[in-house]
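Read the structure below first, then the notes.
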Amino acid sequence: MTTRLFASALFAGLIAGLIAVLLQWSLVEKLILEGEEYETGNKSHFAGVLVINDAEEETATTAEPAADPETAENEGLFMRFALAFFADFVVFVGWSLMLVAGFAVAERFGHRISLQTAMLWGVAGFAATQLMTGIGLPPELPGTPADDVELRQIWWVTTAISSALAFALFAYGRTPLFIVIGLALLLAPHLIGAPRLDYYAGVAPPELSGEYVARSLAVGMIVWVVLGLAAGYFWNRGTDTRTA
């Protein structure tokens, strides 16, 4: 059982991590880089007017010739890509471990995990960790001011856990009482409210921030569905191997 659990999580996390970094690189990364331009002051946005601030003027004398900027930029982007893949791989292996652990618990209580069920688990994982948490703490571009990070982390973790428990009660609860408890768990964090500032002071245009939020949630949805399907496939494959 342990070998099956870890093998399923490892392969599913690898696939989901690869899909995540490819989608993030093609759909989200350029928005982050654009946000960094506003964060550093290279660009500014005021009253709908884009202002591109010139770089500092070169000095008359330089000690050494400057490195090729295109080469340096390519090396920097490659390093960001490599670090993003490593981070996504680690994160989604962790999520996959939790997912297949849930599979094991569900099967222990007589609920078979098919590919369709695994996909729904992936959708529930996305809803718990990104959609419900995003209601109070949406994805933010660089340079966006925010409240205390520890308070935000506590609210995020609490919301994700309570939302996951609520979805489990909705899916496997046998009486109306479970539905009522699930609704209470789902709504409680939002009734309390996420830690937020009393004002808005983002340096990037709101259109850029809106596009970033939409693409981040879309990527998250796709990756979680892939993670659920992959975890379900490897989980059932392990069963078929053992029963063959």
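The values are calculated or read from the model by the stated rules, or taken from the named source; none is laboratory data. Note that the structure is a prediction, hence the values are computed from the model and not measured. Here the Cβ positions follow ideal geometry from the backbone for every residue, glycine too, while neighbour counts run over all protein chains shown. We work out accessible area using only protein heavy atoms, side chains counted, and drop any ligands, DNA or RNA first. Shrake-Rupley method; radii C 1.70, N 1.55, O 1.52, S 1.80 Å.
Of all residues in the range 181-202 being of a type outside the set (Ser, Thr, Tyr) and open to solvent by 90 Å² or more (accessible area, probe 1.4 Å), which is modelled with the lowest pLDDT? I'd like the intermediate steps shown before the answer.
From the range 181-202, those of a type outside the set (Ser, Thr, Tyr) are 181-198, 201-202; that's our starting set.
Those left that are additionally open to solvent by 90 Å² or more (accessible area, probe 1.4 Å): 187, 191-192, 196, 198.
Numbers: 187: 96, 191: 95, 192: 94, 196: 88, 198: 84.
That would be 198.
Determine whether the range 112-119 contains at least one residue that is hydroxyl-bearing (Ser, Thr, Tyr), touching a Gly at 6+ places or on another chain (Cβ under 9 Å) and open to solvent by less than 50 Å² (accessible area, probe 1.4 Å). Don't jump to the end; show me each part of the working.
We begin by selecting, within the range 112-119, every residue hydroxyl-bearing (Ser, Thr, Tyr); these are 114, 117.
Narrowing the set further to residues that are touching a Gly at 6+ places or on another chain (Cβ under 9 Å) leaves 114, 117.
From what's left, open to solvent by less than 50 Å² (accessible area, probe 1.4 Å): 114, 117.
Yes, because at least one residue in the range 112-119 is hydroxyl-bearing (Ser, Thr, Tyr), touching a Gly at 6+ places or on another chain (Cβ under 9 Å) and open to solvent by less than 50 Å² (accessible area, probe 1.4 Å).
So, in the range 203-234, exactly how many residues are in contact (Cβ under 8 Å) with a residue 60 or more places away in the chain and either of a type in the set (A, V, I, L, M, F, W, C) or open to solvent by 50 Å² or more (accessible area, probe 1.4 Å) (or both)? Before the answer, list the steps.
Step one: filter the range 203-234 for residues in contact (Cβ under 8 Å) with a residue 60 or more places away in the chain, giving 203-205, 208-209, 211-213, 215-234.
Subsequent filtering for residues that are either of a type in the set (A, V, I, L, M, F, W, C) or open to solvent by 50 Å² or more (accessible area, probe 1.4 Å) (or both) retains 203-204, 208, 211, 213, 215, 217-219, 221-227, 229-231, 233-234.
Number of matching residues: 21.
Looking at 82, 124, which is the one that is under 15 Å from the mean Cα position of the chain (by Cα), more than 22 Å from residue 2 (Cα to Cα) and open to solvent by less than 70 Å² (accessible area, probe 1.4 Å)?
Details: 82 fails: under 15 Å from the mean Cα position of the chain (by Cα).
Going through 82, 124 in turn, just one is under 15 Å from the mean Cα position of the chain (by Cα), more than 22 Å from residue 2 (Cα to Cα) and open to solvent by less than 70 Å² (accessible area, probe 1.4 Å): 124.
Using the structure shown, decide if residue 162 is closer than 30 Å to residue 38 by Cα, of a type in the set (Gly, Ala, Ser) and assigned to a helix (DSSP H, G or I). It would help to see each step written out before you state the result.
Working: closer than 30 Å to residue 38 by Cα: no; of a type in the set (Gly, Ala, Ser): yes; assigned to a helix (DSSP H, G or I): yes.
So residue 162 fails the test.
Listed residues 133, 144, 129; which is crowded, with 17+ Cβ neighbours inside 10 Å and part of a loop (DSSP other than H, G, I, E, B)?
Values: 133 fails: part of a loop (DSSP other than H, G, I, E, B); 129 fails: part of a loop (DSSP other than H, G, I, E, B).
Going through 133, 144, 129 in turn, just one is crowded, with 17+ Cβ neighbours inside 10 Å and part of a loop (DSSP other than H, G, I, E, B): 144.
Can you find even one residue in the range 142-153 that is without any contact (Cβ under 8 Å) to a residue 24 or more places away in the chain and closer than 25 Å to residue 101 by Cβ? Spell out the reasoning first.
Filtering the range 142-153 down to residues without any contact (Cβ under 8 Å) to a residue 24 or more places away in the chain leaves 149-150, 153.
Restricting the remaining residues to those that are closer than 25 Å to residue 101 by Cβ gives 153.
For the range 142-153, residues without any contact (Cβ under 8 Å) to a residue 24 or more places away in the chain and closer than 25 Å to residue 101 by Cβ: present.
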